[in-house]
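Step one of this worksheet: look at the structure below.
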Amino acid sequence: ECLSNKYTHKSCEKVFCHPWERCVDGKCLCKLPYQCPKNGSAVCSAHGKYFHTYCHLKSYECQRPEAKFLHKGKCMPEETFSISVGHGGSNLLGVKPVNQKNDIFVCANEWTMNEANVACRHLGFELGAEYYQADYSITESALNSLHCLQITCRGLETSLAECHIEVKSRDRNEGFVSLQCHENLRACSEREFQCVNQKCISLNKTCDGINDCGDLSDELCCRECRGNSFHCRSDICIPHQSVCNKEIDCLTGEDEAGVHCAGKDKGAANDSMDEERKMIKTFLPQLHCGLKNHTLIRRKRIVGGQTARKGEFPWQVAIKDTGSEGATVYCGGVYIGGCWVLTAAHCVRANRVHLYRVWIGLLDTIMYNRETETFRLNQVIIHENFNTSTYENDIALLELKGFEKGDCSLIQSSPACVPWSEYMFKAGDRCKVSGWGLEKGYTKQYILKWGNVNLFQNCSELYPGRFFKKMACAGKH
């Protein structure tokens, strides 16, 4: 099922987008340059154009692929960064960095398909590399070379100039990189994996933390990972170098969790544009959600749930219909930011929008707190495919009627975090539920309560004929 979704490095249900991209309908799409942060280092492109930041260049490159990164700083005349394949009748890779006069061969010891794919993309081969190898059968003058280039890439760069490059003293027994780029598509054999981009790789190259496909599709549907690569809960494999490096790569952040990173050295930063990319991320607007307004203390359990304290669930709202007798709370909702509340579609009707009231900061529906805020609604948006018989797509949005200029400043509330990917939750996870539901014996509750539940895996067996795709079920074991 995962493979049928054809996930790639552009699928934000599985991976984080670059800072010059944004997630739209599950895909990472390029921002326009003006949407980039204004902070960062100035850079020069390969065609001599100056950009205020690396983010501006990368978003521009989406529209003009020839505008690849050249170096940091202002553009100078006659600067080049070139790479070539084919020296002395072999496929040796030669690279001429901006600050060098001649081509230098590349050290083979730490070279991987991450670097090979970037080199081939730099040369114009969209599918990346077919294979690489350490070549020792080369001219004596090359073998006697005292230096070679050590290159390290993430694997998603479009130019080798974006990678970490340093000239190092060469071990006399070390070979040079020989590279074959991927030119023609072919049918994959039974022992091969077909990437989303139609490239074929060996099955034993999948789920190893290395982006062999070039589009990352060989690392995004993995029940477990090979070698020392790290397995994320969302079933993706990342290289071990990405664990505890102060950047979250797994959707739920376990690669930077204390249990893995306690006492570990974060490693030294290098001068690649990967460090610039990380810095740009710190300038992006930060999301503030899921923050409680008080410090929890342990309390005794209450049958049917625990009583919520003030500020414990600041995103919980109550909905009432003033046209109904008694006008009591009959549904709950979740504040998700701005002027928006998420609730169940079966709770509301679009033609009764003028009768609904939303209470925020409410704990007791009988003993009202003067700090409780009450809002009327601008509109009710019910999911267009809501099925009243099966309860499929049972979801609706309520737009609160704000104050001046539509502002909905909610003093007593903070928004809940809205997950953008189904892979952020798995069967067996423990979650919290809150609301004014029924007690045991179906007695009505007037005080906000909460409890822990577990997400179940066999929902279709527990709810035969009533459980459908995109639903979840939870309860107590």
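The values are calculated or read from the model by the stated rules, or taken from the named source; none is laboratory data. Small disclaimer: the values here were computed from a predicted structure and weren't measured. When we count neighbours, we look across all protein chains shown, and the Cβ atoms used for this are built from the backbone with ideal geometry, even at glycine.
Restricting to the stretch 334-374, and then to whatever is aromatic (Phe, Trp, Tyr) and over 27 Å from the mean Cα position of the chain (by Cα), can you tell me which residue is nearest to Leu398 (Cα to Cα)? Of everything passing the filter in the stretch 334-374, Tyr356 is nearest to Leu398 (Cα to Cα). Taken together, the criteria exclude Lys74 from residues that are surrounded by fewer than 22 Cβ atoms within 10 Å (Cβ to Cβ), under 29 Å from Thr53 (Cα atoms) and in contact with a Ser or Thr (Cβ under 7 Å, 6 or more places away or on another chain).
So if I check each of Gly214, Gly227, which one is free of Cβ contacts under 8 Å to residues at least 60 places away in the same chain and either assigned by the TED database to the domain that holds Met113 or in a helix (DSSP H, G or I) (or both)?
On the way: Gly214 fails: free of Cβ contacts under 8 Å to residues at least 60 places away in the same chain.
Selected residue: Gly227, the only one of Gly214, Gly227 that is free of Cβ contacts under 8 Å to residues at least 60 places away in the same chain and either assigned by the TED database to the domain that holds Met113 or in a helix (DSSP H, G or I) (or both).
In the set (1) free of Cβ contacts under 8 Å to residues at least 12 places away in the same chain; (2) more than 32 Å from the chain's Cα centre (by Cα); (3) not assigned by the TED database to the domain that holds Ile151, the condition left unmet by Asn99 is number (3). So, in the stretch 302-323, of the ones that are assigned to a loop (DSSP other than H, G, I, E, B) and touching a helix residue (DSSP H, G or I) at 6+ places or on another chain (Cβ under 8 Å), which residue ends up modelled with the highest pLDDT? Across the stretch 302-323, the extreme among qualifying residues is Thr322. If the condition is being surrounded by fewer than 20 Cβ atoms within 10 Å (Cβ to Cβ) and of a type in the set (Gly, Ala, Ser), then the stretch 213-240 contributes only Gly227. Residues of the stretch 111-144 that are more than 27 Å from the chain's Cα centre (by Cα), assigned to a loop (DSSP other than H, G, I, E, B) and either among the aromatic types (Phe, Trp, Tyr) or at pLDDT below 90 (or both): Tyr136, Ser137, Ile138, Thr139, Asn144.
Outside any loop (DSSP other than H, G, I, E, B), at pLDDT 90 or above, farther than 30 Å from Thr365 by Cβ and not charged (D, E, K, R): is that true of Ile248 in this structure?
Spelling it out, it is not the case that Ile248 is outside any loop (DSSP other than H, G, I, E, B), at pLDDT 90 or above, farther than 30 Å from Thr365 by Cβ and not charged (D, E, K, R).
When Thr152, Thr206 are checked against the criterion of being buried (at least 17 other Cβ atoms within 10 Å of the Cβ), more than 23 Å from Pro97 (Cβ to Cβ) and polar (S, T, N, Q), a single residue qualifies: Thr206. Contact annotation: residue pairs with Cβ atoms under 7 Å, 6 or more positions apart or on different chains, pairing a residue in the stretch 196-207 that is closer than 16 Å to Asn114 by Cα with a partner that is polar (S, T, N, Q), are Cys200/Gln194. If only residues of the stretch 339-349 that are among the hydrophobic types (A, V, I, L, M, F, W, C) and part of a strand (DSSP E or B) are counted, the one that is farthest from Arg466 (Cα to Cα) is Trp340. Kindly check whether there is at least one residue in the stretch 184-193 that is touching a Gly at 6+ places or on another chain (Cβ under 8 Å), assigned by the TED database to the domain that holds Gln133, within 26 Å of Lys6 (Cβ to Cβ) and of a type outside the set (D, E, K, R). No, that holds for no residue. Here Gln180 fulfils each of the conditions (1) surrounded by fewer than 17 Cβ atoms within 10 Å (Cβ to Cβ); (2) at pLDDT 95 or above apart from (2). When the test is whether a residue is within 29 Å of the chain's Cα centre (by Cα) and of a type outside the set (A, V, I, L, M), Pro415 passes it. Between Arg154, Arg233, the distinction of being basic (Lys, Arg), under 23 Å from Cys2 (Cα atoms) and at pLDDT below 95 belongs to Arg233 only. Can you name the residue in the stretch 1-41 that is among the small types (Gly, Ala, Ser) and surrounded by 13 or more Cβ atoms within 10 Å (Cβ to Cβ) and, of all such residues, is farthest from the chain's Cα centre (by Cα)? Among those residues, the one meeting the criterion is Ser41.
Is it the case that Asn91 is touching a residue at least 24 places away in the same chain (Cβ under 8 Å) and either outside the structural domain of Leu149 (by the TED database) or not in a loop (DSSP other than H, G, I, E, B) (or both)?
yes
Among the numbered conditions (1) surrounded by 13 or more Cβ atoms within 10 Å (Cβ to Cβ); (2) of a type outside the set (D, E, K, R); (3) over 27 Å from Lys310 (Cβ atoms); (4) in contact with a strand residue (DSSP E or B) (Cβ under 7 Å, 6 or more places away or on another chain), the only one that Met424 does not meet is (4).
Checked against the criterion of being in contact with a helix residue (DSSP H, G or I) (Cβ under 8 Å, 6 or more places away or on another chain) and free of Cβ contacts under 8 Å to residues at least 12 places away in the same chain, the candidates Glu254, Glu192, Glu247, Glu275 yield just one match: Glu192.
In the set Thr374, Thr365, Thr307, only one residue is within 24 Å of Lys432 (Cα to Cα), surrounded by fewer than 16 Cβ atoms within 10 Å (Cβ to Cβ) and touching a Phe, Trp or Tyr at 6+ places or on another chain (Cβ under 9 Å); that residue is Thr307. Given the criterion free of Cβ contacts under 8 Å to residues at least 60 places away in the same chain and crowded, with 19+ Cβ neighbours inside 10 Å, identify the matching residue among Lys49, Lys68, Lys58. So the residue among Lys49, Lys68, Lys58 that is free of Cβ contacts under 8 Å to residues at least 60 places away in the same chain and crowded, with 19+ Cβ neighbours inside 10 Å is Lys58.
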